[in-house]
Amino acid sequence: MNHRISGLALAAFLALATAGCGSSSQDPFPAGVKPDTTTPPVSESDLRLRLLTGADLGQDYTEVPTSPARTGGGMSGCPALEKLDGPSGDGALDFSARVKASFTYSTAVGGDVSKLGEELYSDTPAKLAQSTKALFDAYASCPSFNLNSGTTPVKIEIKKETAPKGLGDEQYAQTMTVVTGSSTTVLRQTAVRAGNIMVMLSGEPSLVAKDLPAAVQKAKAGK
């Protein structure tokens, strides 16, 4: 089964929060990456076993139901992302398998609650590398854009960040500021590809930084 995704985790960001523009490079693959088109993707059932669980993360985390993917809604201010999103609004990046999990984090009863989302994708390494680079190039070319989420207009500002090194074959990171009316939420998104699997963490920046190594290690190990 193929899964069509809108900007990989754009929908996840909105769930957690609630030229003109063009690719920055003509090379479709990240620098130094030798495209591997032969390693097959893992199955969705196998991929699901590689997701983090509450037991992996600790007692301060609670797994919660994941939000459905965004459908419809208008995007404006970034032609590169609009092109990836496709005319139907359900995404034009197509990977063989996708699974996700969502968590809340709180260290005290009645205290502040933070959110963390994980998405795993699998396809051939070449497909993952090319599509992920295209997505983050599009984000980098348009540092802000607008999105209609239901009847509420949402302004999204993107800042490229330095991704942690040494976890996988390539990695990307960015901060997303989501402004909805008088509410502003700052979230971090980090993507790491390891062979035929990509790990995407989205959420409160300190949680993403803390839990990324465990997420990548489990995705690689498959158990």
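Could you tell me whether VAL192 is surrounded by fewer than 20 Cβ atoms within 10 Å (Cβ to Cβ) and in a strand (DSSP E or B)?
Taking the combined requirement at face value, the residue does not satisfy it.
Return only the number of the condition from (1) buried (at least 16 other Cβ atoms within 10 Å of the Cβ); (2) out of contact with any Lys or Arg (no Cβ under 7 Å at 6 or more places or on another chain) that THR151 does not satisfy.
Status for THR151: all satisfied but (1).
Going through region 75-88 one residue at a time, which ones are more than 19 Å from the chain's Cα centre (by Cα) and at pLDDT below 70?
Correct list: PRO87, SER88.
Taking the options PHE145, PHE136, name whichever one is open to solvent by less than 10 Å² (accessible area, probe 1.4 Å) and either among the charged types (D, E, K, R) or farther than 14 Å from VAL199 by Cα (or both).
Within the list PHE145, PHE136, the selection yields PHE145.
Report, by residue number, each residue of region 143-187 that is charged (D, E, K, R) and either assigned to a loop (DSSP other than H, G, I, E, B) or modelled with pLDDT of 95 or more (or both).
Once the filter is applied, which keeps residues that are charged (D, E, K, R) and either assigned to a loop (DSSP other than H, G, I, E, B) or modelled with pLDDT of 95 or more (or both), region 143-187 yields LYS165, ASP169.
Just wondering, is there one or more residues in region 89-96 that are within 24 Å of PRO125 (Cα to Cα), open to solvent by 50 Å² or more (accessible area, probe 1.4 Å), at pLDDT 60 or above and assigned to a strand (DSSP E or B)?
no
Would you tally the residues in region 154-180 being open to solvent by 70 Å² or more (accessible area, probe 1.4 Å) and small (Gly, Ala, Ser)? Before you say what the answer is, go through the steps one by one.
So in region 154-180, the residues open to solvent by 70 Å² or more (accessible area, probe 1.4 Å) come out as 155, 157, 159-160, 162, 165-166, 169.
Restricting the remaining residues to those that are small (Gly, Ala, Ser) gives 166.
Number of matching residues: 1.
Which residues, taken from region 115-133, are open to solvent by 20 Å² or more (accessible area, probe 1.4 Å) and over 17 Å from the mean Cα position of the chain (by Cα)?
Scanning region 115-133 gives a single hit, THR124.
The values are calculated or read from the model by the stated rules, or taken from the named source; none is laboratory data. No experiment lies behind these values; they were computed from the predicted model shown. As a convention, Cβ positions derive from the backbone with ideal geometry for all residues, glycine included, and neighbour counts pool all protein chains shown. With ligands, DNA and RNA removed, areas are computed over all heavy atoms of the protein, side chains included. Shrake-Rupley method; radii C 1.70, N 1.55, O 1.52, S 1.80 Å.
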